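Right, one structure below, let's go through it.
The values are calculated or read from the model by the stated rules, or taken from the named source; none is laboratory data. What you see is a predicted model; the values in this text were computed from it and never measured. Here the Cβ positions follow ideal geometry from the backbone for every residue, glycine too, while neighbour counts run over all protein chains shown.
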Amino acid sequence: MSSKINWGILGTGKIAKTFATGLKGSSTGELLAVGSRTQDSANAFGAENGASRCYASYAALLADRDVECVYISLPHTYHVEWSIKAAAAGKHILCEKPMALNHVEAIAVFDAIKKHDVFFMEAFMYRCHPQTRKIAELVRTKAIGDIRVIDAAFSFTVPYDPRSRLLANDLAGGGILDVGCYPITMANKIAGVANGMEFVEPIDLKALGHLGKTGVDEYTCAVAKYPGDIVARLSTGVQVDQENALRIYGTEGRIVVPTPWKPSEICGSSHFVVHRLGEQSQTITIENPKHLYALEADAVAANISRRECPFMSWGDSMANLRTMDRWRNEIGLVYDIEKSNSTPKVR
Ligand SMILES: NC(=O)c1ccc[n+]([C@@H]2O[C@H](COP(=O)([O-])OP(=O)(O)OC[C@H]3O[C@@H](n4cnc5c(N)ncnc54)[C@H](OP(=O)(O)O)[C@@H]3O)[C@@H](O)[C@H]2O)c1
């Protein structure tokens with residue numbers, strides 16, 4: 001065994017492949033194992049991505065004593081169950097967003113994390129990128145004065161398939177949980193930094209949206225008010241293609257970020273523009289030679305002994321979950337599985 005962290009991936013879907021590719025560029029970790037619902041899929045993923053141990057169940061992967069850290073890349077509705085099981089197996093955890101369907105479920109996850117004393121981070125990769133830190137630094141140093149308005153969107157459109165992960169009610173489809181959490185966590189961060197903190201939650205939130213035939217939010221917009229009289233426009237959806245940009249407006253100018261969520265897509269340089277009133281606009285270039293998901297794996301490794309990562313702390317995740325609950329409440333979005341259960345389901 002090498003001195004690098006041995007990772008195991010639960011699931012063999014789209015983001016699992018992207019993360020496995022990123023892990024190859026990490027300085028601190030390597031892929032040891034993959035767990036899937038089927039042996040064939042585990043074997044194919046292992047062969048393609050260099051995992052030497054391929055398991056036909058997620059439980060079998062958790063039973064492998066050599067796996068130190070797991071990446072949970074399953075559909076949203078499986079995150080709580082497998083985070084709790086991974087914690088009980090003594091594994092450190094990077095769990096895809098959203099870490100839970102609602103804040104009550106997230107409390108159960110954090111109880112397990114604390115009980116078993118393992119690392120946990122909700123996988124917001126954009127938080128690990130230097131572009132995000134640069135934007136926060138500009139806000140902190142008042143490069144555009146006092147922050148007044150934040151405008152953040154993340155949405156996309158997919159061909160309509162009511163059984164797909166993005167639209168099915170039983171897989172907690174819809175925009176808010178899938179990508180609305182990006183504008184929320186960004187606004188919570190920017191408003192937090194403007195208030196001298198790492199993040200804050202809205203003091204008020206109003207929203208309208210459209211629930212489709214499966215009862216999930218196909219598109220929706222929220223307006224949130226933060227401490228310091230900051231107002232944010234947040235939008236998301238899985239049935240509308242918007243400009244997925246971030247704009248921050250202050251008393252002395254604005255910052256426009258064309259690629260806030262996947263800066264430079266995967267690696268290379270990314271750019272954003274600072275417009276100060278009465279001055280020529282300035283393009284800021286951020287060089288990032290590493291794969292976006294290698295940065296995330298390395299952020300986990302750097303903070304494993306502290307059990308949480310400052311890029312996306314446990315409190316930050318709880319603030320995100322509570323804000324998503326409020327947004328969903330405004331548009332009447334309750335999943336069928338939540339109607340029958342008030343506590344997290346561990347299958
Ligand atoms: N951070 C990011 O950039 C990013 C990007 C995309 C998605 N995500 C998050 O990652 C998670 C997975 O998204 P994805 O796009 O990778 O999904 P996906 O392609 O559908 O893959 C999900 C995987 O989960 C497993 N699975 C277990 N039960 C399932 C079920 N009932 N239906 C479908 N799959 C099931 C499957 O693997 P096996 O068959 O091998 O068990 C499947 O390949 C989501 O929570 C999403 O929010 C994050």
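Numbers below:
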| read-out | value |
| --- | --- |
| Extreme residue, nearest to residue 322 (Cα to Cα), among residues of region 191-206 that are of a type in the set (Val, Ile, Thr) and out of contact with any Gly (no Cβ under 9 Å at 6 or more places or on another chain) | 203 |
| Residues satisfying the stated conditions in region 251-272, i.e. among the acidic types (Asp, Glu) and under 21 Å from the mean Cα position of the chain (by Cα) | 265 |
| Conditions (1) of a type in the set (Val, Ile, Thr); (2) in contact with a helix residue (DSSP H, G or I) (Cβ under 9 Å, 6 or more places away or on another chain); (3) within 24 Å of residue 334 (Cβ to Cβ); (4) part of a strand (DSSP E or B): number failed by residue 223 | (2) |
| Residues of region 117-145 satisfying the condition of being away from the ligand (no atom under 14 Å from the Cβ) and under 18 Å from residue 301 (Cα atoms) | 117, 118, 119, 120, 130 |
| Residue check, residue 157 closer than 30 Å to residue 285 by Cα, surrounded by fewer than 16 Cβ atoms within 10 Å (Cβ to Cβ), within 16 Å of the ligand (Cβ to nearest atom) and in contact (Cβ under 8 Å) with a residue 40 or more places away in the chain | yes |
| Test: residue in region 165-181 that is more than 16 Å from the ligand (Cβ to nearest atom) and in contact (Cβ under 8 Å) with a residue 60 or more places away in the chain | no |
| Scan of region 65-74 for residues that are surrounded by fewer than 18 Cβ atoms within 10 Å (Cβ to Cβ) and either near the ligand (Cβ under 10 Å from one of its atoms) or touching a residue at least 12 places away in the same chain (Cβ under 8 Å) (or both), ordered by number | 66 |
| Test: residue in region 201-215 that is out of contact with any helix residue (DSSP H, G or I) (no Cβ under 6 Å at 6 or more places or on another chain), within 16 Å of the ligand (Cβ to nearest atom) and assigned by TED's automatic domain parsing to the domain that holds residue 309 | yes |
| Tabulated pairs, region 40-60, first at negative phi, second surrounded by fewer than 16 Cβ atoms within 10 Å (Cβ to Cβ), C-beta under 6 angstrom, 6+ apart or interchain | 56/39 |
| Close pairs from region 259-279: first free of Cβ contacts under 8 Å to residues at least 12 places away in the same chain, partner buried (at least 16 other Cβ atoms within 10 Å of the Cβ) and of a type in the set (Lys, Arg), Cβ under 9 Å, at least 6 apart | none |
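Yes or no, residue by residue, for (1) more than 30 Å from residue 7 (Cβ to Cβ); (2) under 22 Å from the mean Cα position of the chain (by Cα):
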site	(1), (2)
109	no, yes
128	no, yes
143	yes, no
161	yes, no
165	no, yes
168	no, yes
210	yes, no
217	yes, yes
